[in-house]
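See structure below.
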Amino acid sequence: MTVALKLQNVDCFYGDVQVLHGFSLELRRGEVHCLLGRNGAGKTTALKAVMGLQPASAGSIAKGETELTHLPPHAVPKTGVAYVPQGRRLFAELTVAENLEIGLMARNRGAATRERVLGLFPILRERLKQRSGTLSGGEQQMLAIGRALCLEPDVLLLDEPTEGLMPAMIARIRDTLATLREEGVSTLLVEQRVDAVLPIADRVTFIENGRTGETVGVERLRREPELVHRYVGVG
């Protein structure tokens, strides 16, 4: 199986505080891979390290044959890696259309890409002239994912995408990830809620105190829920 993204022995610091300790993970092409762990375990830091937002002080981060480890943050999306941070980080005063346009600019994509994104999230077509700050939470999450998909990424990083959303919106996001998987997009998904992960993930890597725990298939996770309790602290 082709590896789309590989983190190998990555160390990361905030000042003098080490957050990632030799962290390793392999994201396979066309899979949904979840990173599960307690608050403060280093999940978000791992995503930021990939994007160059929190530079790795040791180790390697590679997308296929492309080494990302020392790229500046603005250069990483140009390699086909898109990132939807926790909290969405939309431009609240700009319209839906303007937010999507910013995504398109990152890799010089045009109308065909925008149409494809609007096809995935039809509600956004009805909101194109609306300021993004006035959207519902679920609509904002769709816009954040849609803006990321305007890059036409083959690797997508999502940080807590279901946080605070109603079940219907969570189901819509799951359906979108399933569609992207069929198209060969590889998704690395950070979550805390195992119930949000089980219906969509192919594999799960646990992270504990910045260190790699076990990587397991989702079927094993269903059979052995004690793994979740051990690493995340919930049953």
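Here the scattering of the stretch 67-168 is modelled by Debye summation over its C-alpha atoms, one equal scatterer each and no solvent; at q = 0.10, 0.14, 0.24, 0.25 Å⁻¹ the log10 of I(q)/I(0) is -0.26, -0.50, -1.37, -1.45.
Exposure proxy shown here: for D16, D175, D159, D202, the number of other Cβ atoms within 10 Å sets the order, fewest to most, as D16, D175, D202, D159. Charge dipole of the chain (Cα centre as origin; +1 on each Lys and Arg Cβ, -1 on each Asp and Glu Cβ, all else neutral): 320 debye, rounded to the nearest 20.
Packing-based ranking of 75-88, 52-65 yields 75-88, 52-65, ordered from highest to lowest mean Cβ neighbour count within 10 Å.
Ordering H21, L198, I102 by Cα displacement along the dipole of the chain toward the positive end leaves I102 in first place; charges were set at the Cβ atoms of Lys, Arg (+1) and Asp, Glu (-1).
Membrane-span-like helices in the chain: DSSP H runs reaching 20 Å or more (Cα, own axis), mean Kyte hydropathy at least -0.5?
Details: long enough: 167-182 (23 Å, 0.03).
Within the chain the helices that satisfy the rule are 167-182.
Taking all Cα pairs closer than 8 Å and separated by 6 or more residues, the relative contact order of the stretch 1-89 comes to 30 percent.
Please name whichever of P153, L124, P167 sits farthest to the positive end of the charge dipole of the chain, dipole taken about the Cα centre and charges placed at Cβ: Lys and Arg +1, Asp and Glu -1. About the Cα centre, the residue reaching furthest to the positive side is L124.
Within the set of other residues whose C-beta is less than 12 Å from the C-beta of R131, count the net charge using Lys and Arg as +1 and Asp and Glu as -1. Could the numbers behind the result be given before it?
Working: positive: R127, K129; negative: E93, E98, E139.
For residues surrounding R131, the net value is -1.
One Cα centroid belongs to the stretch 33-97, the other to the stretch 164-235; the line between them spans 18 Å. Relative to its residue count, the stretch 1-95 spans a Cα convex hull of 131 Å³ per residue. Arranged from fewest to most other beta-carbon atoms within 10 Å of their beta carbon, F13, F121, F23 become F13, F121, F23.
If you run the Gaussian network model on the chain, springs between alpha carbon atoms under 10 Å, then out of L36, L180, L128 the most flexible one is L128.
How much of the pair distance distribution for the chain lies past 24 Å, counting alpha-carbon pairs only, in percent? Cα-Cα pairs in the chain separated by more than 24 Å: 43 percent. Its relative contact order, with pairs defined as Cα atoms under 8 Å and 6+ residues apart, puts the stretch 88-152 at 54 percent.
Every number here is computed from the coordinates shown, using simple stated rules; none is lab data. Given the structure is predicted, the values throughout are model-derived calculations rather than measurements. Counting neighbours? That spans all protein chains shown, and the Cβs are built from the backbone with ideal geometry, glycine included.
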